[in-house]
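Some notes on the structure that comes next.
Read the figures in this text as sums done on the coordinates, not as results from a lab. The structure presented is a predicted model; accordingly, all values stated were derived computationally and were not measured. Cβ placement follows ideal geometry from the backbone for every residue including glycine, while neighbour counts extend to all protein chains displayed.
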Amino acid sequence: MIAQSQQQERVAQAVVRELEGLWAEVVGAEDGQAAEEQVVGWVRRVGRLVLEEALQAAIEVREEQEVRCCARAMRSHSKESREALTLLGPVKVRRRYLLCPQCGKRVRPADGWLRWAGGFSFALEEIVAWECGALPYREALGSLTKLAGVEVSLHAAQDIVARWGEEAVAPAPYAEPVSGALIVQIDGTTTHLEDGWREVKVGACYSWDRGDPKATPQQVSFVADWQSSSDFSGTLWQEALARGAPTASAQAVIGDGAPWVWEMASLLFPRATQILDWYHLTEHLWQAGRVIHGEGTAETTAIVESWKTEVWEGRSEAVEEHLRELVAAGDDDSQSTLRKCADYLQTHQARLRYHLFRAAGWPLGSGVVEGGCKHVIGLRFKRQSTRWTKTGAQAVLHLRLDRLNDRWEARCQSLRKAA
């Protein structure tokens, strides 16, 4: 304890000396900006000094504890230096290197407490992983240098992201149950991986108040992955289970016309109301309208608006019948656009009861998951001239989802336990 007190006194005197020098610099600064920069630099410089001395003191206290192996105390072999880059800059300490005289096992007990993996502090690694989950690597590292005054190489950042984002951290069942009804939206988009363009499937879960005519999505969470449909169904169900899907007051699934979407919806949510996204439907109607009356004509607008009204009011069969009459009259094009639109209406007939969906208070669009495709995937993975490895993309995606789903702390706790 005497040594500890002496060490504290020595650090305190050093801080006072630094403060005296800082005071003169700030008083004589050219302007407020310069004064602030000098104080920030002082904080980093003195903070690094205090951190290094305090860590060394903490290590020495812990090294007084006996470490046993093979039923006997391990022997102190030597002391070794260890340096890591922290948020305050490089810090160096010395810690014991122990040897078991029986089996020859070698350990450095302080390393587990320090949590310095790969030459970086845990706190610095967290900031690197956090920033790289949101921004391209070079932008993220530029922000780190600008805001924290710490420089991390691109290669080091990629290693950190690979470790931090290696595994998905799944929430426990019912960890974040929705209030009210559960809406699930499913969609897909593409990204350029090293082996070409690949589909990434995206799901969104959120709470919906069916009794509020001005309801908006609440408690939104996303999942995404480059998985097959069967594998992604497990990922989506895990998320839905965390959101309390089995006990939600009601469920609805909204998606486009892709067959895999509805196969997944029927498998995972058999009691849910299935709704075809209204805007995907209207796109098909516009394609059919242009075949009949041409691009941008008043006649096209009139017939499409008429069809939309029919479907909106629950008469999709009438639109399908009209389209089949046009096909029979020879008005279809070489791509069979009218026939395909009629088949589309027939396939999704039960998902087109918009008059019933409105009466039940359900939303009719898949804008939440489409926004997820853009925000979760597009902004990070679809930048010009970018090509990802599957492993690198997966790690970044895991970090990005944890940020957006407000589950970052769960990832940090998982990594602390694994260290």
- Task: Just grab the label-to-label distance for residue 212 and residue 389, each label 7 Å out from Cα along the Cβ direction, in nm (one decimal).
- Result: 4.6 nm
- Message: Viscosity 1.567 mPa s, temperature 4 °C: give me the Stokes-Einstein translational D for the chain in µm²/s, with Rh taken as the Kirkwood radius over C-alpha pairs.
- Response: 49 µm²/s
- Query: How much length, in nm to one decimal, is gained on full extension between residue 163 and residue 190, taken as 0.36 nm per residue of separation minus their Cα-Cα distance?
  - Reply: 7.2 nm
- Pop a pseudo-label 7 angstrom from the Cα along the beta-carbon direction at both residue 172 and residue 23 and give the gap in nm to one decimal. 5.3 nm
- Message: Going through the cross-link list 382/417; 146/382; 146/417, which pairs have a Cα-Cα distance over 29 Å in this structure?
- Response: 382/417; 146/417
- Note on the structure: Rounded to the nearest 0.05, FRET efficiency between residue 14 and residue 66 (Cβ-Cβ, R0 41 Å) equals 0.80
- Using alpha-carbon coordinates, inclination of helix 316-328 to the longest axis of the chain, degrees: 60 degrees
- Message: Show me, for the range 90-99, the HN-Hα J-couplings you get by feeding each phi into the Karplus relation (A = 6.51, B = -1.76, C = 1.60, θ = phi - 60°), rounded to Hz, glycine and proline as x.
- Response: x, 10, 10, 9, 10, 9, 6, 10, 9, 10
- Note on the structure: Taking Cα atoms only, helix 259-268 is inclined relative to the longest principal axis of the chain by an angle, in degrees rounded to 10, of 70 degrees
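Given the DSSP H assignment, sum -39500 (n - 2.57) over each helix run of at least 4 residues in the chain and divide by its residue total; what's the result at 222 nm in deg cm²/dmol, nearest 500?
Estimated from H runs of four or more residues: -16500 deg cm²/dmol.
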- Assuming 1.567 mPa s and 4 °C, estimate D for the range 279-356 with Stokes-Einstein, Rh taken as the Kirkwood radius over Cα pairs, in µm²/s. 105 µm²/s
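Please report the relative contact order for the chain, taking Cα pairs under 8 Å with a sequence separation of at least 6, and give it as a percent rounded to a whole number.
Once normalised by length, the contact order is 15 percent.
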- How far is helix 337-347 tilted off the main Cα axis of the chain, in degrees rounded to 10, range 0 to 90? 70 degrees
